[in-house]
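Have a look at this one.
The values are calculated or read from the model by the stated rules, or taken from the named source; none is laboratory data. None of the values given here were measured: they were computed from a predicted structure. Don't worry about glycine lacking a Cβ; one is built from the backbone with ideal geometry, like all the others, and counts go over all protein chains shown. What goes into the accessible areas is simple: the full protein's heavy atoms, side chains included, and nothing from ligands, DNA or RNA. Shrake-Rupley method; radii C 1.70, N 1.55, O 1.52, S 1.80 Å.
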Amino acid sequence: HDIFVMDADGTNVVNLTQTPSGAEAQPSWSPDGTQILFTRQEPLQEGEGTQGDVFSMDADGTDVTNLTQSDASETWPSWSPEAGRIAFARVVEGVIFGNHDIFVMDIGAPGSATNLTQSGFDELFPAWSPVDERIMFTGVRPVNTDPDEHLNDWEIVTIESDGTNEQILTA
């Protein structure tokens, strides 16, 4: 998989990534249209699957930069409205299996990634509000119908970019 751009009428198709060993997906335009975030899945040692990182590139495919540079797998990047930060999902170690949490980091500071959710459940598909500091995502949350039952369901959730004020919008 590669990242392509084209004119709105389908002409001038250009392959921006062309990497033989990796697979790129999940492109996200910067608010000013000058850069693209995307994920690149690279194969690990034989039989161990793949690992994803979040990259940025200029809109013409130049200046490709690995933003996350971690040992974890990251997906679904989203720009903040001012394009100085990104939100993404990262696999974190769980009790039995890993799960996805939502992280935020400053562009150009891979060590600044902050885990916003830390719920022990999966959270995916972050989307930054275009007008404020809230991030929307889908996440598994407990269904509180009976305290003796451990039921969970996918919900649409919002959270402030500092990890506070989580609200479930669906139930």
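Answer yes or no as to whether ASP63 is farther than 25 Å from TRP128 by Cα, without any contact (Cβ under 8 Å) to a residue 12 or more places away in the chain, charged (D, E, K, R) and part of a loop (DSSP other than H, G, I, E, B).
no
In the range 3-14, which residue that is without any contact (Cβ under 8 Å) to a residue 24 or more places away in the chain and surrounded by 10 or more Cβ atoms within 10 Å (Cβ to Cβ) is farthest from ASP53 (Cα to Cα)?
MET6
Right, next: Cβ-Cβ under 6 Å, sequence separation 6+ or interchain: first residue in the range 23-36 and without any contact (Cβ under 8 Å) to a residue 12 or more places away in the chain, partner open to solvent by less than 20 Å² (accessible area, probe 1.4 Å). Which pairs?
Hits for this filter: zero, empty list.
Could you tell me whether THR39 is part of a strand (DSSP E or B), open to solvent by less than 30 Å² (accessible area, probe 1.4 Å), at pLDDT 90 or above and within 12 Å of GLY22 (Cα to Cα)?
Against the criterion (part of a strand (DSSP E or B), open to solvent by less than 30 Å² (accessible area, probe 1.4 Å), at pLDDT 90 or above and within 12 Å of GLY22 (Cα to Cα)), THR39 qualifies.
Among the residues of the range 20-30, which ones are assigned to a loop (DSSP other than H, G, I, E, B) and surrounded by 14 or more Cβ atoms within 10 Å (Cβ to Cβ)?
Result: GLY22, SER30.
For the range 57-78: of the residues being within 12 Å of the chain's Cα centre (by Cα) and open to solvent by less than 70 Å² (accessible area, probe 1.4 Å), which is modelled with the lowest pLDDT?
Step one: of the range 57-78, the residues within 12 Å of the chain's Cα centre (by Cα) are 67-68, 73-78.
From what's left, open to solvent by less than 70 Å² (accessible area, probe 1.4 Å): 67-68, 73-75, 77-78.
Numbers: LEU67: 91, THR68: 89, SER73: 86, GLU74: 91, THR75: 91, PRO77: 94, SER78: 94.
Here the answer is SER73.
Taking PHE125 and the conditions (1) within 12 Å of the chain's Cα centre (by Cα); (2) modelled with pLDDT under 85; (3) of a type outside the set (A, V, I, L, M), which numbered condition does it fall short on, given that it satisfies the others?
(2)
Ok, one more. Regarding the range 94-106, can at least one residue be identified that is open to solvent by 40 Å² or more (accessible area, probe 1.4 Å) and modelled with pLDDT of 85 or more?
Of the residues in the range 94-106, the ones open to solvent by 40 Å² or more (accessible area, probe 1.4 Å) are 95-98, 100, 106.
Going one step further and asking which of them are modelled with pLDDT of 85 or more, we end up with 100, 106.
Yes, the range 94-106 has at least one match.
Additional query: Scan the range 107-135 for residues that are touching a Leu at 6+ places or on another chain (Cβ under 8 Å) and either open to solvent by less than 20 Å² (accessible area, probe 1.4 Å) or within 18 Å of ILE156 (Cα to Cα) (or both) and report the count.
Qualifying residue count for the region: 1.
Considering only residues that are polar (S, T, N, Q) and assigned to a loop (DSSP other than H, G, I, E, B), which ones fall in the range 96-126?
If the condition is that a residue be polar (S, T, N, Q) and assigned to a loop (DSSP other than H, G, I, E, B), then THR117, GLN118, SER119 are the ones that fit.
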